[in-house]
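Chemist: Dropping the structure in here first, questions after.
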Amino acid sequence: KAGVTQTPRYLIKTRGQQVTLSCSPISGHRSVSWYQQTPGQGLQFLFEYFSETQRNKGNFPGRFSGRQFSNSRSEMNVSTLELGDSALYLCASSLRGYFGETQYFGPGTRLLVL
Amino acid sequence: EDKVVQSPLSLVVHEGDTVTLNCSYEVTNFRSLLWYKQEKKAPTFLFMLTSSGIEKKSGRLSSILDKKELFSILNITATQTGDSAVYLCAVGPANQAGTALIFGKGTTLSVSS
């Protein structure tokens, strides 16, 4: 079974631009969560999608948004990029996002904002 | 504010040593505590703990949760160079739907041969 895939793997943008990252969950998984990982703050939860609906949201500004498609693939978008948005963005999938289910992480997208 | 604190932040040991990693938490309506290992990019799942005092084991790794004192430990016995990684502790609060996790900043373990 293929794991969680994320594209692109690396990205360089400049301040003020916007970026879209993609995540394909494991086949059959319907819950997709997004996390931001930085050396200073560690891993922080961004949001979770299930059945095309955002079910939960972390404490990030509105510049961070996402969506999920009917095939469970998910995208996240960051508008008006800031230097502090440079990070590793990880997505994780699970069957239904229920308590007790394991989340499987993708390899991440490394975003560098110049 | 919910938080998860891991200690030590980094650790250097020799092959064969036993290490104990610590994780303490302050979370509203605790639901579960998870341990992950992150070597290069993707964190890989190790354990999920929900009940106090019950040890989970997998080979040389084991973990236990103390819900009264709000902490967990991850033990690794007979360490190998392949155990070198960042170990992440995460807590799932019960008042959040889905899979939202609050992570600690991790413990970086380096095992030298």
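Chemist: For segment A:1-90, what does the relative contact order come out to in percent, with C-alpha contacts under 8 Å and a separation of six or more?
Modeler: It comes to 32 percent, rounded to a whole number.
Chemist: Another question, if that's okay. For a label point 7 angstrom out from the Cα of A:L11 toward its Cβ, which stretches of segment A:38-53 have the backbone nitrogen within less than 16 Å?
Modeler: Once the point is set 7 Å along Cα→Cβ of A:L11, A:38, A:46-47 turn out to lie under 16 Å by backbone N, inside segment A:38-53.
Chemist: What percentages make up the Cα-Cα pair-distance distribution of chain A when the bins are 10 Å wide from 0?
Modeler: Values per bin, smallest distances first: 15, 50, 29, 5, 0.
Chemist: Follow-up. How much of the pair distance distribution for the protein assembly as shown lies past 22 Å, counting alpha-carbon pairs only, in percent?
Modeler: 52 percent
Chemist: Which residue, B:L70, B:L88, B:L33, has the most motion in a Gaussian network model of chain B that connects Cα atoms within less than 10 Å?
Modeler: Top of the fluctuation ranking is B:L70.
Chemist: Compute the separation of the alpha-carbon centres of segment B:1-76 and segment A:55-100 and state it in Å as a whole number.
Modeler: Their Cα centres are 25 Å away from one another.
Chemist: Over the alpha-carbon set of segment B:1-99, divide Rg by the Kirkwood Rh and report the Rg/Rh ratio to two decimals.
Modeler: Ratio of gyration radius to Kirkwood radius for segment B:1-99: 0.96.
Chemist: Could you tell me which of B:T77, A:I26, A:L88 has its Cα farthest along the dipole of the protein assembly as shown towards the positive end, charges placed at Cβ (Lys, Arg +1; Asp, Glu -1), taken about the Cα centre?
Modeler: A:I26
Chemist: Could you check the spin-label model distance between B:L9 and B:E39? Points 7 Å from the Cα along Cα→Cβ, value in nm.
Modeler: 2.6 nm
Chemist: While we're on this one: Determine which lysines satisfy two conditions relative to B:K57: a Cα distance under 26 Å, and not lying fewer than 8 residues away in the same chain.
Modeler: A:K1, B:K3, B:K37, B:K40, B:K41, B:K67, B:K68, B:K105
Chemist: Still on this model: Determine the relative contact order of segment B:18-113: mean sequence separation of Cα pairs under 8 Å and six or more apart, normalised by residue count, in whole percent.
Modeler: 32 percent
Chemist: Here is a follow-up. Report the label-to-label distance for A:T102 and B:K57 in nanometres (one decimal), using points 7 Å from each Cα along the Cα→Cβ vector.
Modeler: So the two model labels end up 1.9 nm from each other.
Chemist: Taking R0 as 25 Å, what FRET efficiency do you get between A:S27 and B:T50 from their Cβ-Cβ distance, rounded to the nearest 0.05?
Modeler: Taking R0 as 25 Å, the efficiency between A:S27 and B:T50 is 0.35.
Chemist: Along the Cα-to-C-beta direction of A:R110, a point sits 7 Å from the Cα; which residues of segment A:1-41 have their amide N less than 12 Å from that point?
Modeler: Answer for segment A:1-41: A:9-12.
Chemist: If the only charges are +1 at each Lys and Arg Cβ and -1 at each Asp and Glu Cβ, what is the size of the charge dipole of the protein assembly as shown around the Cα centre, to the nearest 20 debye?
Modeler: Dipole size: approximately 600 debye.
All of the numbers you see were taken from the coordinates with simple rules; none came from a lab. Keep in mind that what you see is a predicted model, and the values were worked out from it rather than measured. Glycine gets a Cβ as well: all are built from the backbone with ideal geometry, and neighbour counts include every protein chain shown.
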